[in-house]
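None of the figures in this text is laboratory data; all of them are computed from the coordinates on show. Every value quoted in this text rests on a predicted model; they were computed, and no experiment measured them. Glycine also receives a Cβ, built like all others from the backbone with ideal geometry; neighbour counts cover every protein chain displayed.
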Amino acid sequence: MDELSIEQQKALLTRIAEHRDKSAFATIFSYFSPKIRVYGLKYLKQEAIAMELVQETMMKVWRKAHMFDGSKGAASTWIYTIMRNLCFDILRKQQSNREDNYSDDLWPIFEDRLASESNEQADATLSDELLIYIETLPAAQQIVVKEIYLNQRSHQEVADQLGVPVGTVKSRLRLGLQKLRGQLEDNDD
């Protein structure tokens, strides 16, 4: 697609905002979607997620076009800000999902070891063995893992107890679970 001048971009966005002009939106979409896709591929690393970024960004442009104020900046700046914020949201969601998966990955290792034991015996063995591994963690990680998994406290409760931000609790938990997983896999070999 040919380049759109700053004034053309502004005029198209104004037509979308004031008249819900589908033709103007199609032009904006055709112009910006390849640029958003490239940005998405660079930061999100997957075609499908990059295309999701394109769709979400352009949908938000359509829905919120009335909020664009040409006196505060260029249309491209406004669209790229939407894109960047959505990209950050996707990255945060991916990071959160990865953190959740660390603890989920530990249990299959234990289940394989305990498959032949009775339930009560397996629970006792699991608790004893897990405590031994937890005791090898650095103190800060040990406290967080014990509080969250053994005492079933929330991230926020642990953060309040320790006087640290929730993000610090999550980082300590993630690092602790990574170390536990490594220890369990090493002992499985």
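How long is the gain from Glu129 to Gln142 if the chain were fully straight, where each residue apart is worth 0.36 nm and the alpha carbon distance is subtracted?
3.2 nm
Could you name the lysines in cross-link range of Lys179, using Cα to Cα under 17 Å and dropping any fewer than eight places away on the same chain?
Straight-line reach from Lys179, under 17 Å: Lys146, Lys170.
Using amide H atoms built 1.01 Å from N in the peptide plane, name the residues 5+ places from Arg153, or on other chains, whose amide H lies under 5 Å from its own.
Ile148
Write out the GluC sites (Glu not before Pro) in segment 1-101 meeting two conditions: DSSP loop, and at most 16 other Cβ atoms within 10 Å of their Cβ. If you can, show how the numbers build up before the last one.
On the way: sites: Glu3, Glu7, Glu18, Glu47, Glu52, Glu56, Glu99; in loops: Glu3.
Here the sparse-neighbourhood loop sites are Glu3.
Can you run phi through the Karplus equation (6.51, -1.76, 1.60; θ = phi - 60°) for segment 12-19 and list ³J(HN,Hα) in whole Hz, with x for Gly and Pro?
Those phi angles translate into 5, 5, 5, 5, 5, 5, 8, 10 Hz.
How about segment 1-61: which trypsin sites (Lys or Arg not before Pro) there are in a DSSP loop, with at most 10 other Cβ atoms within 10 Å of their Cβ?
Lys45
Could you list Met83, Met59 so that the one with the fewest beta carbons within 10 Å of its beta carbon is first and the one with the most is last?
Met59, Met83
Give, as a single signed number, the net charge of other residues whose beta carbon lies under 12 Å from the beta carbon of Ile134, with Lys and Arg counted +1 and Asp and Glu -1.
Net charge in that neighbourhood comes out at -2.
Give me Val164, Val145, Val38 sorted ascending by neighbouring Cβ count inside 10 Å, so fewest comes first.
Val38, Val164, Val145
For Leu162 paired with Glu185, estimate the spin-label separation in nm (one decimal), with each label point 7 Å from Cα along the Cα-to-Cβ line.
Placing both labels 7 Å along Cα→Cβ, they lie 2.3 nm apart.
Below 8 Å, C-alpha to C-alpha, sequence gap of six or more: please give me the relative contact order for segment 6-94 in percent.
Computed over segment 6-94, the figure is 34 percent.
Give me the distance in nm between label points sitting 7 Å out from Cα along the Cα-to-Cβ direction at Gln8 and Val38, one decimal.
Each label point is offset 7 Å from its Cα along the Cβ direction, giving 1.7 nm.
Please turn the phi angles of segment 166-176 into ³J(HN,Hα) values with the Karplus equation 6.51 cos²θ - 1.76 cosθ + 1.60 (θ = phi - 60°), one per residue in order, whole Hz, x for glycine and proline.
Ordered by residue, 3J(HN,Hα) equals 4, x, 5, 4, 5, 5, 5, 5, 4, 5, x Hz.
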